[in-house]
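Peer 1: This is the structure, below, for whatever I ask next.
All of the numbers you see were taken from the coordinates with simple rules; none came from a lab. All values derive from a computational prediction rather than experimental measurement. Reconstructed Cβ throughout: ideal geometry from the backbone, glycine too, with neighbour counts over all protein chains shown.
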Amino acid sequence: MSLANGRHYLAIPGPSVMPDRVLQAMHRPAPNIYTGELVDLTHSLVPDLKAVARTRHHVAMYIANGHGVWEAALANTLSRGDKILILATGRFCLGWGEMAAAMHIDCEIIDFGQRADIDMDRVAEALAADKDHKIKAVMAVQVDTSTSVRNDILALRKTLDAAGHPALLFSDNIACLACDAFHMDDWGVDVMVTGSQKGLMTPPGMAFVFFNDKADRARDRADLATSYWDWRPRMAPDEYYKFFNGTAPAHHLYGLREALDMIKEEGLENVWQRHATLARAVWAALDTWGAGGPIHANIADPAKRSHAVTTANFGPGNGLRLRDWMTHNAGVTLGIPLGGVEGTGGRKEDFLRIGHMGHVNAHMVMGVLAGLQAGMAALQIPHGAGGLDAAVQVIAEG
Ligand SMILES: *Cc1c(COP(=O)(O)O)cnc(C)c1O
């Protein structure tokens, strides 16, 4: 007998749950990739993608995962030997920096650790020290999926402006686009990257670079640009073939069309609000379970937590034990710890990550939390009473 049998829930921070509507839209024979419906459909995606990013500027679509568009963003704006500033708040911005270093870009790294967001005073110092404006780009991750911290991208723009520094501002929104609020143009972001498989509810395999005219001017000088990653032919192609520098990802495009329709139907601000409320339910449970014990959300200040993913410490070895219990007894797969998070004695096994991004609703999140509470009871993991009730209260209040 296993209570895990039934519909399994992959509650990891990406790939996220795919709506049946997206899956059904993809279930079709191969379409004509030269003329007709697919061509029109692809053009229709452009304004809707820009609306989700809150930008009037440009988007280039790629057949790639998030790592692919990390490389595309760097290649289109930078040259060998250029310097960039990496603002690390977990695994992901460091990863972007490692990729840049491999492309012979000179990376200055400020590491804010595993439990904090970007400290703007330290950024201001680094910019002030760069009197010759050698730093060409400042790289941040809006939500670092390893620590679940959310950075204040608007504050970062203001810090650059206050320093009078001309560097481009890059934001990695792979974890959080269409989950956490984001306003590319109003926040002065020059380049933003995201993927299809998290807030956009589409299978992994497509990714996007959004960029403004300032970033596109950098493309004129960038000697790292290569034919495949070049964003120019993808901006407003005269021939359909140039959109993807080859065969279009036909089925992904049908899926993405459906996902963007779903976001439009719900309303982007309602989508953000749904994520905010579901995240607060998760935190309410964690805070209550943690009363007087070791259980806690990795990021202490709720204002700095992502609405898409929560990294939590359940005490010595318990993240691993609970993930295992959830898989085998509740039919839920939770996220593994990533990056440099360290629990008791430096162990990662204390942590797990809960993905609450994309096609997720109240019963799914309450199911995960109820499962965790059952798992703690079964495994005799000490926890404060009433965590599930606290989450239910958040949902009840809406
Ligand atoms: C998932 C993720 C990535 C990597 O995306 P892949 O599709 O796995 O290459 C990069 N940055 C952030 C913030 C992410 O959440």
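Peer 1: For a paramagnetic label modelled at 7 Å from the Cα of Asp119 toward its Cβ, which residues of the range 151-185 fall within the zone defined by backbone nitrogen distances under 14 Å?
Peer 2: none
Peer 1: Considering only DSSP beta bridges with both partners in the range 31-264, what is the antiparallel share in %, to the nearest 5?
Peer 2: Within the range 31-264, antiparallel bridges account for around 40 percent of the total.
Peer 1: Follow-up. Sequence neighbours fewer than 8 away in the same chain don't count; with that in mind, list the aspartates and glutamates whose C-alpha is under 15 Å from Lys242.
Peer 2: Partners found: Asp40, Asp230.
Peer 1: What lysines sit close enough to Lys264 to cross-link, taking a C-alpha to C-alpha distance under 16 Å and skipping anything fewer than 8 places away on the same chain?
Peer 2: Within reach: Lys50.
Peer 1: When the dipole is taken about the Cα centre of the chain, and only Lys, Arg (+1) and Asp, Glu (-1) are charged at their Cβ, what size is it in debye, to the nearest 20?
Peer 2: 440 debye
Peer 1: With an 8 Å Cα cut-off and a minimum separation of 6 or more residues, compute the relative contact order for the chain in percent.
Peer 2: It rounds to 24 percent for the chain.
Peer 1: Here's something else I'd like to know. How would you classify the range 171-234 from its alpha-carbon gyration tensor, with a ≥ b ≥ c the square roots of the eigenvalues: rounded for a/c under 1.5, else prolate if a/b is greater than b/c, otherwise oblate?
Peer 2: Oblate is the answer for the range 171-234, as a/c is 1.5 or above yet b/c matches or exceeds a/b.
Peer 1: Now, a different point. Could you compute the net charge surrounding Val189? Neighbours are other residues with a C-beta less than 15 Å from the C-beta of Val189; K and R count +1, D and E count -1.
Peer 2: In short, -2.
Peer 1: Compute the FRET efficiency between His183 and Met1 as 1/(1 + (r/R0)^6), taking r as their Cβ-Cβ distance and R0 = 51 Å, and round to the nearest 0.05.
Peer 2: After rounding to 0.05, the efficiency reads 0.50.
Peer 1: Also, I was wondering about something else. List the lysines whose alpha-carbon lies under 21 Å from that of Lys136, not counting same-chain residues fewer than 8 positions away?
Peer 2: Partners within reach: Lys83, Lys158, Lys214.
Peer 1: For Cα pairs less than 8 Å apart in space and 6+ apart in sequence, what is the mean separation divided by the residue count of the range 31-264, i.e. the relative contact order in percent?
Peer 2: 29 percent
Peer 1: Over the range 31-264, with a single point scatterer placed on each C-alpha, what log10 of the ratio I(q)/I(0) does the Debye formula yield at q = 0.07, 0.09, 0.14, 0.17 1/Å?
Peer 2: One equal scatterer on each Cα of the range 31-264 leads to -0.21, -0.35, -0.84, -1.23.
Peer 1: Follow-up. For an R0 of 41 angstrom, estimate the FRET efficiency from the Cβ-Cβ distance between Ala30 and Asp213 and round to the nearest 0.05.
Peer 2: 0.65
Peer 1: Could you give the dipole magnitude of the range 31-264 about its Cα centre, charging the beta-carbon of Lys and Arg +1 and that of Asp and Glu -1, in debye to the nearest 20?
Peer 2: Here the size comes out at about 100 debye.
Peer 1: Before rounding to the nearest 500, sum -39500 (n - 2.57) across all DSSP H runs of length at least 4 in the chain and divide by the residue total; then give [θ] at 222 nm in deg cm²/dmol.
Peer 2: It comes out at -12500 deg cm²/dmol, rounded to the nearest 500.
Peer 1: Which percent, to the nearest 5, of DSSP beta bridges fully inside the chain are antiparallel?
Peer 2: The answer is about 50 percent antiparallel.
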